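Q: I have a structure I would like to understand better, so I am pasting it below and will then ask my questions one at a time.
The values are calculated or read from the model by the stated rules, or taken from the named source; none is laboratory data. Just so we're clear, the structure is a prediction, and the values are computed from it rather than from any experiment. Positions of Cβ are generated from backbone atoms using ideal geometry, with glycine treated the same way; all protein chains shown enter the neighbour counts. Protein only, heavy atoms only, side chains kept; ligands, DNA and RNA dropped before computing areas. Shrake-Rupley method; radii C 1.70, N 1.55, O 1.52, S 1.80 Å.
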Amino acid sequence: MNVKIEQSWKECLAEEFDKPYFGQLTEFVRNEYKHSAVYPPAALIFNAFDRCPFDKVKVVLLGQDPYHEPRQAHGLCFSVQEGTAFPPSLVNIFKEVQADLGRPAPRNGDLTRWAEQGVLLLNATLTVRAHSAGSHQNRGWEIFTDAVIKCLATRRQHVAYLLWGAYAQRKGAIIDKTKNLVLESPHPSPLSASRGFFGNRHFSKTNAYLVETGQTAIEF
């Protein structure tokens, strides 16, 4: 199957593209884009991988579903296209960056700048129907993104994983904490941010770990 994804990831995930579930997933997604409004734009489904090649990954941030309103999702978890209002979780992420690192909130919510420094901004589900949260869950994307995490966990070490919320923590359960940094906290959603996301200092802890392991810190 000719999947348009960055070459290092294509090689790492080659077996997945030939599995029956991925063929079924591809057929479902193509049909959805043909008959419904779906996000992100089709060319950006694998944007997280294209912006952050396998060998460049230093940090993994796990989300769950793409944003499902216009001009938000562009293939990077928690990120929105430039010029779009910040969703509540992203507002809280920037608040924690400011409190932790002393950096003021940026003027736009496009996190491409993080991705290009080595932050894999990975959603568990890579597509969603407009105005319908969770509409593409349990169609095969979760199997695919589990394979992504497994590929990283078995072939790479000294990666920092930021697991915010119970869903991300379950998805990251296979990560070897003796060979990587695994940071867990509540989700930045307004429903849970005050229960331990604020004050988690994950950004400074991540950068300290990267420097300790001979890598370059991220400019969050």
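Q: Per residue of segment 50-63, in order, report the coupling 6.51 cos²θ - 1.76 cosθ + 1.60 (Karplus, θ = phi - 60°) as ³J(HN,Hα) in whole Hz, putting x for Gly and Pro.
A: Along segment 50-63, the couplings run 5, 7, 9, x, 3, 6, 9, 5, 10, 9, 10, 10, 9, x Hz.
Q: So for the chain: antiparallel DSSP bridges make up what percent, rounded to the nearest 5?
A: Counting only bridges with both partners in the chain, antiparallel ones make up about 15 percent.
Q: Something else about it: Quick query: amide H of T84 versus all other amide H atoms, modeled in the peptide plane; which residues come in under 5 Å with a sequence gap of 5 or more or a different chain?
A: Hits under the 5 Å cutoff: G109.
Q: A further question on this structure: With +1 on each Lys and Arg Cβ and -1 on each Asp and Glu Cβ, and nothing else charged, work out how big the dipole of the chain is about its Cα centre, in Debye to the nearest 20.
A: Magnitude of the dipole: close to 260 debye.
Q: Continuing with the same structure: For segment 72-157, what Kirkwood radius comes out of the mean inverse Cα-Cα distance, in Å?
A: Mean inverse Cα-Cα distance, inverted, gives 14.6 Å.
Q: Further question on the same structure: How much net charge surrounds N200 when only the other residues with a Cβ under 13 Å from the Cβ of N200 are counted, with Lys and Arg +1 and Asp and Glu -1?
A: Cβ neighbours under 13 Å give a net charge of +1.
Q: Given H placed on each backbone N at 1.01 Å, which residues far from L120 in sequence or on other chains put an amide H within less than 5 Å of it?
A: K58, V59, V60, L61
Q: Something else now. By the gyration tensor of its Cα atoms, with a ≥ b ≥ c the square roots of the eigenvalues, what is the shape of segment 86-211: rounded for a/c under 1.5, prolate for a/b over b/c, or oblate?
A: The shape class here is oblate.
Q: Less than 13 Å Cβ to Cβ from F49, Lys/Arg counted +1 and Asp/Glu -1: what total charge do the surrounding residues give?
A: Charge balance in the 13 Å sphere: -2.
Q: Counting only heavy atoms of protein chains, what accessible area per residue, in Å², does the chain have with a probe of 1.4 Å?
A: Accessible area per residue: 48 Å².
Q: Considering the chain as a Gaussian network with a 10 Å cut-off on Cα pairs, which listed residue, A115, A73, A153, attains the greatest mean-square fluctuation?
A: Its mean-square fluctuation being the largest, the pick is A153.
Q: With all protein chains present, how much of the accessible area of the chain (probe radius 1.4 Å) comes from carbon and sulfur, to the nearest whole percent?
A: 49
Q: Give the Cα extents of segment 1-109 along the principal axes, in whole Å, largest first.
A: Principal-axis extents of segment 1-109 (Cα, largest first): 47, 35, 19 Å.
Q: Amide H of V38 versus every other amide H placed in the peptide plane: which residues, excluding those fewer than 5 positions away on the same chain, fall under 5 Å?
A: Residues meeting the criterion, in which the H sits 1.01 Å from N, are A130.
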